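Before any comments, here is the structure.
Rule-based calculations on the coordinates, nothing more; no lab input. No experiment lies behind these values; they were computed from the predicted model shown. Heads up, the Cβs are rebuilt from the backbone with ideal geometry, glycines too, and the neighbour counts pull from every protein chain shown.
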Amino acid sequence: IAVNASGQKLSKQTFACPIKHQNPPLTVWTVLQLLNQSPPNELKTYKTLEILAWASENWSQRKLPTVNQLEI
């Protein structure tokens with residue numbers, strides 16, 4: 001669950017900004033960054049499915065941030 005600096009779950013109830021749909025590959029790349037998965041910068045220009053394939057191959061649960069580390 002992604003939370004804000006106050007520890008509230010990001011949702012419509014807490015007035016979180018919606019995900020922008022204009023550039024899905026960049027959105028997926030940004031979420032991978034948020035989750036500490038360290039996607040390479042060149043992936044920003046790849047297609048969404050290619051980025052997801054990279055994520056599937058390189059996923060590390062150990063890298064996931066804790067609530068104390070994650071601030072949006």
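What to note about this one:
- Each residue of region 12-28 is assigned a 3J(HN,Hα), and the resulting list reads 5, 4, 9, 6, 5, 5, x, 6, 7, 9, 5, 9, x, x, 5, 4, 4 Hz, derived from the Karplus form 6.51 cos²θ - 1.76 cosθ + 1.60 (θ = phi - 60°), x at Gly and Pro.
- The chain - mean residue ellipticity at 222 nm from DSSP helices (-39,500 (n - 2.57) per run, n ≥ 4, rounded to 500): -9000 deg cm²/dmol
- Summed residue charge, Cβ within 14 Å of Q37's Cβ, Lys/Arg positive, Asp/Glu negative: +2
- The structure-derived value of percent of Cα pairs over 18 Å apart appears in the list (i) 45; (ii) 33; (iii) 39 under the label (i).
- Only one residue of F15, T66, S38 has its Cα farthest out toward the positive end of the dipole of the chain, where Lys and Arg carry +1 and Asp and Glu -1 on Cβ, and that residue is F15.
- Summarising the amide proton neighbourhood of V3: residues at separation of 5 or more, or on other chains, whose placed amide H is nearer than 5 Å comprise L10.
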